[in-house]
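Presented below is the structure to which this report refers.
The values are calculated or read from the model by the stated rules, or taken from the named source; none is laboratory data. Treat the numbers as computed from the prediction; the structure is a model and nothing was measured. No Cβ is skipped: glycine too gets one built from the backbone with ideal geometry, and neighbour counts run over all protein chains shown. Just the protein is used for accessible areas: all its heavy atoms, side chains included, with ligands, DNA and RNA removed. Shrake-Rupley method; radii C 1.70, N 1.55, O 1.52, S 1.80 Å.
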Amino acid sequence: MIREARDEDWPAIWPIIHDVVTEQRTFPYDPAMTEQDARRMWLREPPARVVVALDGDRVTGTANMYANRPGPGGHVASGSLMVAKEARGAGVGRALTTDLIGWARRSGFAAIQFNAVVDVNVAAIGLYESLGFVTLGTAPGAFRHPAEGDVGLRIMWLDLR
């Protein structure tokens, strides 16, 4: 189940963000990010949206979604999704991505742009491609992966028109 995040969800969201960021494998965020910085960055104010994925009462993932850029770029959505370690491979990412796509359509966005998909994150790339996203380009070596070395960051796009 996907629902709007509530203030009381933060204690369950933070460990997911912390794990993903400190793994340094899929997000170009500073692994030294504090909980306060993460909260400010993740819990965006409306008209942006923040959701959690639930398995019963347990938060298994989270996403935020927003206009990719202000002003003339405001017609393109973006977002970020993170799944708890123990829930990976169970469809949580698909549910969050499908929810993000539905929100973007309902909100009248023309497209969704993911700005920095790590080129060796084959699970995310496969998921996004299965939902219609395409890679517009890759910045070679733009992400320092702990095991693979310098790898690319993809810009991925889904046209909603």
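When ligands, DNA and RNA are left out and all protein chains stay put, how many square angstrom of accessible area per residue does the chain have with a 1.4 Å probe?
Numbers: 8240 Å² over 161 residues.
Here the per-residue accessible area is 51 Å².
Under the rule of -39500 (n - 2.57) per DSSP H run of 4 or more residues, summed and divided by the residues of the chain, what mean residue ellipticity at 222 nm is obtained, to the nearest 500 deg cm²/dmol? It would help to have the intermediate numbers written out before the result.
Working: 4 runs with 46 residues, N = 161.
So the calculated ellipticity at 222 nm is -9000 deg cm²/dmol.
Give me the percent of accessible area attributable to carbon and sulfur for the chain, probe 1.4 angstrom. Before the final figure, lay out the partial values.
Working: 4250 of 8240 Å².
The C+S portion of the solvent-accessible surface of the chain is 52 percent.
For the chain, calculate the relative contact order in percent as a whole number, restricting contacts to Cα pairs under 8 Å that are 6 or more residues apart.
After rounding, I find 19 percent.
Once the piece of chain linking ARG6 and ARG105 is laid out straight, how much longer is it, given 0.36 nm per residue of separation minus the C-alpha distance between them?
Details: separation 99, 0.36 × 99 = 35.64 nm, distance 2.29 nm.
Going from the current span to full extension adds 33.4 nm.
Relative to a virtual label point 7 Å from the Cα of ARG25 in the Cα→beta-carbon direction, which members of segment 74-111 show backbone nitrogen distances below 18 Å?
81-94
Compare ALA32, ALA95, ALA84 in a GNM of the chain, Cα atoms joined below 10 Å, and give the one with the largest fluctuation.
ALA32
Taking the Cα centre of segment 16-83 as origin, work out the dipole magnitude from +1 charges on Lys and Arg Cβ and -1 charges on Asp and Glu Cβ, in debye rounded to 20.
Details: 7 positive and 8 negative charges, 60 e Å.
My answer is approximately 300 debye.
Working out 0.36 nm times the residue gap between GLN36 and ALA147, then minus their Cα-Cα distance, what length gain in nm do you get to one decimal?
On the way: separation 111, 0.36 × 111 = 39.96 nm, distance 2.83 nm.
Full extension of this stretch gives 37.1 nm more.
How big is the shadow of the Cα convex hull of segment 119-161, averaged over all directions, in nm²? It would help to have the intermediate numbers written out before the result.
Details: hull surface 12.2 nm².
So the mean shadow area of the Cα hull is 3.0 nm².
Using a simple charge model, +1 on the beta-carbon of Lys and Arg, -1 on the beta-carbon of Asp and Glu, nothing else, what dipole does segment 27-161 show about its Cα centre, in debye to the nearest 20?
On the way: 14 positive and 13 negative charges, 82 e Å.
Computed about the Cα centre, the dipole is about 400 debye.
Let me have the relative contact order for segment 1-73, percent, based on Cα pairs under 8 Å that are six or more residues apart. Could you put the intermediate results ahead of the total?
Working: 77 pairs, mean separation 24.1, N = 73.
The value is 33 percent.
With θ taken as phi - 60° and the coefficients 6.51, -1.76 and 1.60, list the Karplus ³J(HN,Hα) couplings across segment 53-70 in order, rounded to whole Hz; mark glycine and proline as x.
9, 10, 10, x, 9, 8, 6, 10, x, 8, 8, 10, 8, 6, 5, 4, 9, x
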